Structures are given as structure tokens and as C-alpha cells.
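Single-structure report; data block below.
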There are 2 protein chains.
Amino acid sequence: MADKLAVGIDIGGTKIAAGVVDEDGHVLARLKRETPTTEPLEVIDAIASITEEFRREHHIRAIGVGAAGFVDATQSTVLFAPHLAWRHEPLRDSVARRTGLPVLVDNDANAAGWAEWRFGAAQNEADLVLITLGTGIGGAIVIDGQPYRGQFGIAGEFGHMQVVPNGNKCECGNHGCWEQYASGRVLTRRARAAATDGTEFGKQLLADAGGTVDRIEGHLVTAHAKAGHAEATEWIADVGDWLGVGIANLAAALDPGMFVIGGGVSDADRLLIDPARAAFSRTLTGRGYRAEARIVRAHLGPEAGLIGAADMARITARRRRPASPGARARVRAAARTGRSPKPRR
Amino acid sequence: MADKLAVGIDIGGTKIAAGVVDEDGHVLARLKRETPTTEPLEVIDAIASITEEFRREHHIRAIGVGAAGFVDATQSTVLFAPHLAWRHEPLRDSVARRTGLPVLVDNDANAAGWAEWRFGAAQNEADLVLITLGTGIGGAIVIDGQPYRGQFGIAGEFGHMQVVPNGNKCECGNHGCWEQYASGRVLTRRARAAATDGTEFGKQLLADAGGTVDRIEGHLVTAHAKAGHAEATEWIADVGDWLGVGIANLAAALDPGMFVIGGGVSDADRLLIDPARAAFSRTLTGRGYRAEARIVRAHLGPEAGLIGAADMARITARRRRPASPGARARVRAAARTGRSPKPRR
């Protein structure tokens, strides 16, 4: 048991969340640090000191790092992380050198998707599509029990699929991206506009945020909706509607058995999921002639990313030799059942 | 050699194309039949008689059938085929009973995608996304050397991803589907409208079609474009532009190394592909920080479907016992190298 622990690290724009994760996905110990700066060297320092602290109490086998950004297909380099201002940062090798442990780096949504497949909402599914609604939209695909990253490691960027030609300007440089219509950013934008316009609800939101428009965030809308506020509920439903339309698009392409909805906006629960399901059923192509995917809320909450990163690192550390296709299949089968892969004879 | 042949059958709305296909994807013999009616029984009769004819000269091991429609995940039943008016047609077992051979049924685009991966444009790729532009848009996904069909068998229906909210009405019942903007149907629609409006180009097209508006088809536009006609070239480029935008969406989700463009509209070749590439490079999210997928024309032409169906049937017939994960991996590796899978020790 003791040799089956891994550290999971989730690097966000403002904080680092870390945990010691066992082979059942349980978090045995936790640490949080403010991301002191986005300077890569200081983040690596923070990861090293967190790991050192965990190692006093636990026998750690590997480190998994989830980061909000494009990670290359070899799970070693962060190609592009807008919030961290990183470009081609060789995070895996830097952390491995500092800690002497095997390290794996992945996109934070990929890590969360893996966790939901292994320990959360999609434990008995062959495939899974995870959609995280935070400020933007993140995504992950698990196919046949394997995280699917695409040829270059950047699959699952669902938020930047165009849903409205010449639509709202997106931070990615394009127009009409899905995350401009179905994410926390939409709620924040509407809330700040209402505050600026001085509507009744806007005034409430402004008061919630201590009188500063720029401090109004989408989660305030969610809180009002959960307390029964009609306008807030309608805003969440609008996000849910766009969520369902986009899910129908993904179902046309990928036809998974289950969509799992995570991220902060999923706190709205049925206020979000029910309208999404309705829009999905209304717009799915071939409806009536096919089985429909289930749409469920994620189970693991904000720790999904660190749990998944740790688990992937733990599994990968076991098979450090170049694996044959047969060995890969056994690892896959083991990942599914939770048992160790048998050595080849 | 002689025991490695399979029959491939491509069932279209108006004709059945069939061939004897060897393990290298070569078509050794061909037959075409008008689809006498869309009555399933008569189609099965036609398949049986075609197979009988092939068997006089060749030792056939299996039959692969590609059909334009939703095929279930067990590759046995056509769930829904609008052009054939089939609903839940158990085609595999019916043909197997009549012929005494193992039979596999798949969506025609899935079959074509498999053929392009095995023998065509994507032979050295890990993954492939095929987009066929015919009257509508078909699609197929190959991941890690395996056709990816989704949980219910219906993955790859890219044509019905919504790209314009409240856009053009689609035959599927929705509005704004991608195939309403990037397919042969678009060319046909514009050509017929021009003929009805009596524009100069419309008059030419009407003459090409013998004076009957309803006989004007998209391929006439392609022919004019290839002959240098400016307006025809622009129409093809417009389709290419929408093709590129949709490919950027698929790249955001799937990030494959290669997109292969097939179907009748791909006859326009660079007149279609160049504008598609331009639109793709212009709209791909994260451009500049990532490798870009290649976009290439399919290699196998209209026989891709029957070649792929035959090849899948041949490979599947080899592994009729329920396969272990290890055996599946060996079949996969064998499919990639063209060698027979080794029996397990």
C-alpha cells in the first residue's frame, strides 16, 4: 500500500492545490499554496517543497501535475498556458530533476476526466467526455479506458469550437467560441453588465461584491439561482441551453455513452443540467433512432484534477519501460479493474 | 493468399457496388447492380447473388457491407438509413444466413475511413479523421489503429454539428447543420437557384443538365471550376472555407494528425482543399503554439467504402472467438503492419 501513493498537483492561475493520492483515488493529505508568481522556476520550487513536505509522512512514488494549458503528447512540456504566461516550459524534466521522482504533466481537464472515469461519475463507462465549465470551457476524452490526447496532445479544447459565426470575441483570438456562450464567463459578463446598468438584480450583485463591479463573479449568480432568484435561474438556464446544444454537436462527432459536467458552474447542479439535457434531446441528430448519452454532474469536485494527475503518474511510473501493445492493453485493463497489470510471460 | 479474400459491398441509394478485395486492399473483381428497390429482402437477394458470382472464381472468407446510415456498435444492424428507408434492419444475420459466410456491417464512411487508414492517404498515421463531402457530409474516426464508433456506433456524424444557430433547415430536422454549408448539396442548391434566376452561369448549368433544373447537380459546378470558370471556382472556395472552419472545430476537439477529405466534392481537389486549409489555419484555436494537422485529399476514390468494408470483415473473421484485451492489441498491431496476429502463448 505504502508504495502506491502519488502526489497530485493542480496549478491554477492564482493557487497550487496538492494532495497525496492513494490507488483508490482517496486524498490522504492536502496542501494549498498561493501561486507566488507565474515564474516557472518559482512554481517548480513550490512543487518541490510541497513534495518534500508530503514525503515526511508518506512514501511517494510519482508526481502528477495538471496545468491549465496545452501540454504536449509526451506529457512533459507545457506548450502554452495563457494564465501562467508559459511557452514551451519543460515542466516534467525540471520537476523530476528537483525531486528525483518520475513526473507526468497533463492538461488539468484531462487529469480531471481521468479521475472521473477511474473514481467518479463514469466508473463503469467505456468512454467519457468531460466538459468543465469554469471561467472558460475545458474538456477531456477517455476512450476505451485510455485518456485520448490527440496527435499533438491538445484534444478536448471544446471551448474553442465555433458555435456562432462572427459571434462574441474570444480570448483565443477567434469569434463565436462555445465558451463565450456556455461558461462562467457568460455569467460574470451578464452580472457585471446588470450592475453597470443598475438593474434591480445588478444592484444586489454589486452589493454582494462589496460595491466593486470588477469583483462580481459568476458564482454569485449561481448562489442567487440556488436561493430561488428567477433572473439568476434564467441566466443559468441560458448557459445550460448552450451547453446542451454543444453537447449535441459533440455527440454527433463522438457518440459517447456519458457526458460528465464539471467545473465551478456545475455547482448549479440541476438548474444547469436539466436545461442542458432538454436542449441536447431537442437538437441531437437522429434523435428517436439512437440511444442518447447520459449527461451527469461530475462527482469529484475541485479535487478531480489533482486526483487524476496523481493517478496517471502512479500508473505511468509502473510501466517505465517502453510498453508493447500487449503490455499497454494489460495496463489499460488494470486501470479499469484497479488491479496491477500482470507481467508478460 | 486465396483464403484471404473478402467481398466488399457498398449500398447506396441507387446502386450497389461490390468487389473482391485482397489483404493489400486491391480490388480483384468488380460488380455493380442497380439497387432494384430499397426493400431489404431484395437488397439481401442482390448481395447473395453478387457473392455467389464472385465465389465461382474466388475463395471468399467474409463479407463486409457498408451502408449510408446509422449502424449499431455490434456492426450487425442498420438502425436508421434515410435513403434506404430502413429501420432496425438486422442485415448482418440475414446476409450470413443466406451466404453461410461471416458478415460485418458498418457505416459507409467508417468503412472508407478504415480503407484510407489501411491502404490510402493515412497509412502511416496513428489517428485519422475522414470527412466525406457527398450530397451531405459523412465522417469517420480512426484512433490508434482502431475504427472509433462511439458507445452506440454512431460517431463521426460530423455533418450534423450545428455551425449556424437558426441556420439553413437540414433534412435531419435541425437547423444550421455543417452539411448545409459544406457539401455537394450546397453546390446543387446554388446551381439550381442560378438556373431558376436565369443568370449567365445558371443558363450554362441548365444547358449542361439538358434543360431540366432538377437534373442540375453539384458535380457540374465542379467541372466548370476545373475548366477555370470564375464563379464556379468561387462557389467551390466557399464550400472549402466552411470545410476549413468545421475542420478547425474538429481539431479543437480531436487534435488528429491528419484530416482526409473524400466524397464526390473532393474531385475539385486543390480548388476545394486550398481554401479549406486557409480557413483552417485562420481559425484553429491556439494557432502558433501547436502543430497543425495536415489536410489531404482521399486516395482511394469511390471504392474506398467497399475496400474498407471488405478489409474489416476479413480481419474480424479471423478473430471470431471473444478476444482478450491482449488479443485485441495483437489484432490491432497486425492490422497496422498487415501481418497476422500471433497466437497467444
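Of all residues in region B:39-49, how many are in contact with a Leu (Cβ under 8 Å, 6 or more places away or on another chain), of a type in the set (A, V, I, L, M, F, W, C) and surrounded by fewer than 22 Cβ atoms within 10 Å (Cβ to Cβ)? Write out each step before concluding.
Here is the first cut: in region B:39-49, the ones in contact with a Leu (Cβ under 8 Å, 6 or more places away or on another chain) are B:40, B:43-44.
Narrowing the set further to residues that are of a type in the set (A, V, I, L, M, F, W, C) leaves B:43-44.
With the extra rule that they be surrounded by fewer than 22 Cβ atoms within 10 Å (Cβ to Cβ), the set shrinks to B:44.
Residues in region B:39-49 being in contact with a Leu (Cβ under 8 Å, 6 or more places away or on another chain), of a type in the set (A, V, I, L, M, F, W, C) and surrounded by fewer than 22 Cβ atoms within 10 Å (Cβ to Cβ): 1 in total.
Does A:GLY113 qualify as being more than 9 Å from chain B (Cβ to nearest Cβ) and within 14 Å of the chain's Cα centre (by Cα)? Judged against the criteria, A:GLY113 is a match. Among the criteria (1) open to solvent by less than 10 Å² (accessible area, probe 1.4 Å); (2) over 20 Å from the mean Cα position of the chain (by Cα); (3) farther than 30 Å from A:THR74 by Cα, the one B:GLY240 does not fulfil is (2). Checked against (1) under 20 Å from B:ARG185 (Cα atoms); (2) open to solvent by 30 Å² or more (accessible area, probe 1.4 Å); (3) more than 11 Å from the chain's Cα centre (by Cα), B:PHE158 passes all but a single condition, namely (2).
A:TRP86 meets all of the listed conditions (1) within 10 Å of another protein chain (Cβ to nearest Cβ); (2) among the aromatic types (Phe, Trp, Tyr); (3) surrounded by fewer than 24 Cβ atoms within 10 Å (Cβ to Cβ) but one, namely (1). Consider B:GLY167 carefully, then state whether it is more than 23 Å from the chain's Cα centre (by Cα), facing another protein chain (nearest Cβ under 10 Å), open to solvent by 10 Å² or more (accessible area, probe 1.4 Å) and not aliphatic (A, V, I, L, M). Yes, satisfied. Inspect all residues belonging to region A:287-294 and state whether any of them is touching a strand residue (DSSP E or B) at 6+ places or on another chain (Cβ under 6 Å), under 25 Å from A:ASP144 (Cβ atoms) and open to solvent by less than 10 Å² (accessible area, probe 1.4 Å). There is no residue in region A:287-294 that is touching a strand residue (DSSP E or B) at 6+ places or on another chain (Cβ under 6 Å), under 25 Å from A:ASP144 (Cβ atoms) and open to solvent by less than 10 Å² (accessible area, probe 1.4 Å). Checked against the criterion of being within 14 Å of another protein chain (Cβ to nearest Cβ), at pLDDT 95 or above, out of contact with any strand residue (DSSP E or B) (no Cβ under 8 Å at 6 or more places or on another chain) and more than 15 Å from B:ALA115 (Cα to Cα), the candidates B:ALA279, B:ALA268 yield just one match: B:ALA279.
Got a sec? Which strands (runs of 3 or more DSSP E) wholly within region B:119-189 have at least 3 residues that are among the small types (Gly, Ala, Ser)? Reasoning before the result, please.
Numbers: elements: B:128-133, B:137-143, B:146-148.
Ranges flagged: B:137-143.
Taken together, the residues in region A:187-215 that are open to solvent by less than 40 Å² (accessible area, probe 1.4 Å) and at positive phi amount to 1. Restricting the first member to region B:242-255 and to residues that are within 7 Å of chain A (Cβ to nearest Cβ) and in contact (Cβ under 8 Å) with a residue 12 or more places away in the chain, and the second to residues that are surrounded by fewer than 24 Cβ atoms within 10 Å (Cβ to Cβ) and acidic (Asp, Glu), the beta-carbon pairs closer than 8 Å and six or more apart or on different chains are B:LEU254/B:ASP127. For region A:98-110, the count of residues that are surrounded by fewer than 20 Cβ atoms within 10 Å (Cβ to Cβ), of a type in the set (Asp, Glu), farther than 27 Å from A:VAL221 by Cβ and in contact (Cβ under 8 Å) with a residue 12 or more places away in the chain is zero. Within region B:134-161, residues that are within 7 Å of another protein chain (Cβ to nearest Cβ) and without any contact (Cβ under 8 Å) to a residue 60 or more places away in the chain reach no partner that is open to solvent by less than 20 Å² (accessible area, probe 1.4 Å) and of a type in the set (Lys, Arg) with beta carbons closer than 6 Å at six or more positions or on different chains.
The values are calculated or read from the model by the stated rules, or taken from the named source; none is laboratory data. On a predicted model such as this, the values are computed, not experimentally measured, just so you know. Because the Cβ atoms are built from the backbone with ideal geometry, glycine has one as well, and the counts that use them run over all protein chains shown. Surface accessibility is based on the protein's heavy atoms, side chains included, excluding ligands, DNA and RNA. Shrake-Rupley method; radii C 1.70, N 1.55, O 1.52, S 1.80 Å.
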